[in-house]
1. Just to be sure before I move on: is VAL104 open to solvent by less than 30 Å² (accessible area, probe 1.4 Å) and over 22 Å from THR10 (Cα atoms) in the structure I sent?
2. I'd like the residue in region 9-30 that is hydrophobic (A, V, I, L, M, F, W, C) and either without any contact (Cβ under 8 Å) to a residue 24 or more places away in the chain or in contact with a strand residue (DSSP E or B) (Cβ under 8 Å, 6 or more places away or on another chain) (or both) and, out of all such residues, is surrounded by the fewest Cβ atoms within 10 Å (Cβ to Cβ).
3. Answer yes or no as to whether TYR23 is aromatic (Phe, Trp, Tyr) and either within 15 Å of VAL126 (Cα to Cα) or not in a helix (DSSP H, G or I) (or both).
4. So which pairs qualify, if the first residue must be in region 132-143 and in contact (Cβ under 8 Å) with a residue 60 or more places away in the chain and of a type in the set (Val, Ile, Thr), the second must be open to solvent by 50 Å² or more (accessible area, probe 1.4 Å) and assigned to a helix (DSSP H, G or I), the Cβ gap must be under 8 Å, and the two must be at least 6 apart or on different chains?
5. Given the conditions (1) outside any loop (DSSP other than H, G, I, E, B); (2) of a type outside the set (A, V, I, L, M); (3) touching a residue at least 40 places away in the same chain (Cβ under 8 Å); (4) open to solvent by 70 Å² or more (accessible area, probe 1.4 Å), and given that ARG96 satisfies all but one, which numbered condition is not satisfied?
6. Give the residues of region 137-178 that are in a helix (DSSP H, G or I), open to solvent by 80 Å² or more (accessible area, probe 1.4 Å) and of a type outside the set (Gly, Ala, Ser), sorted by residue number.
7. Can you tell me which residues in region 3-40 are β-branched (Val, Ile, Thr) and out of contact with any Lys or Arg (no Cβ under 9 Å at 6 or more places or on another chain)?
8. When you scan region 114-129, how many residues do you find that are part of a helix (DSSP H, G or I), out of contact with any Asp or Glu (no Cβ under 8 Å at 6 or more places or on another chain) and surrounded by 18 or more Cβ atoms within 10 Å (Cβ to Cβ)?
Amino acid sequence: LVSAFRQDVTVTRYDTWGDVLDYCRRSANPVGRLVLRVAGVARDEADEASDAVCTALQLANFWQDLERDWMKGRLYVPRDVRERWGANEADLARRRLTPEWRRVMADLGARTAAIFDRGRPVCDMVRGRLRWELRFTWLGGRRILDRLDRIGYDVFTARPALGLADVPALAWQALTWR
């Protein structure tokens, strides 16, 4: 965690997808493992699933906060993915989500969805209240990612967020979880 905090102060761009995942490994994943330990869970498969959920949540937050982070001089979208799709930072400075940027964000959204899916089993590896909290957390993260996809990742127009209106749907999904 400390190394990730230090990095957050000095690093404003990432070269590769692996670099972004490494940052998540050190900044988000330890929190999930701590929660598991407090709950008395210490199994490799639970750690791996928890790591996936924590990474996916952080990634979804990066995509949700693309504009906010950009305004602070920070960009979590890796250079290799931007280059693959031909997106450039100058468009972000103009607050434009070009077709190239939409492809970048759709690519990252699909990668993030796959990571969410890998983490889903952790929601059933714990008991009691934590099981419900993890289900709601997972469902909420996926809901944000789905909303980003529906708006074509254009957070310059609207930043998706969860609110009270989402509670009934999330509660139903948590209750009918399979």
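1. On the way: open to solvent by less than 30 Å² (accessible area, probe 1.4 Å): yes; over 22 Å from THR10 (Cα atoms): yes.
Answer is yes for this residue.
2. The residue in question is VAL9.
3. no
4. Taking only residues 6 or more apart or on different chains, the pairs are THR137/LEU57.
5. Condition not satisfied by ARG96: (1).
6. Start the filter on region 137-178 by keeping residues that are in a helix (DSSP H, G or I), which leaves 137-150, 164-175.
Of the ones still in play, those that are also open to solvent by 80 Å² or more (accessible area, probe 1.4 Å) are 149-150, 164-165, 168, 172, 175.
Matches in region 137-178: ASP149, ARG150, LEU164, PRO168, TRP172, LEU175.
7. Here is the first cut: in region 3-40, the ones β-branched (Val, Ile, Thr) are 9-12, 16, 20, 31, 35, 38.
Residues satisfying the conditions are VAL9, THR10, VAL20, VAL31, VAL35, VAL38.
8. Qualifying residue count for the region: 5.
The values are calculated or read from the model by the stated rules, or taken from the named source; none is laboratory data. If you're wondering where the values come from, they're calculated on a predicted model, not measured in any experiment. Methodologically, a virtual Cβ is constructed for each residue, glycine included, from the backbone with ideal geometry; neighbour enumeration extends over all protein chains shown. Just the protein is used for accessible areas: all its heavy atoms, side chains included, with ligands, DNA and RNA removed. Shrake-Rupley method; radii C 1.70, N 1.55, O 1.52, S 1.80 Å.
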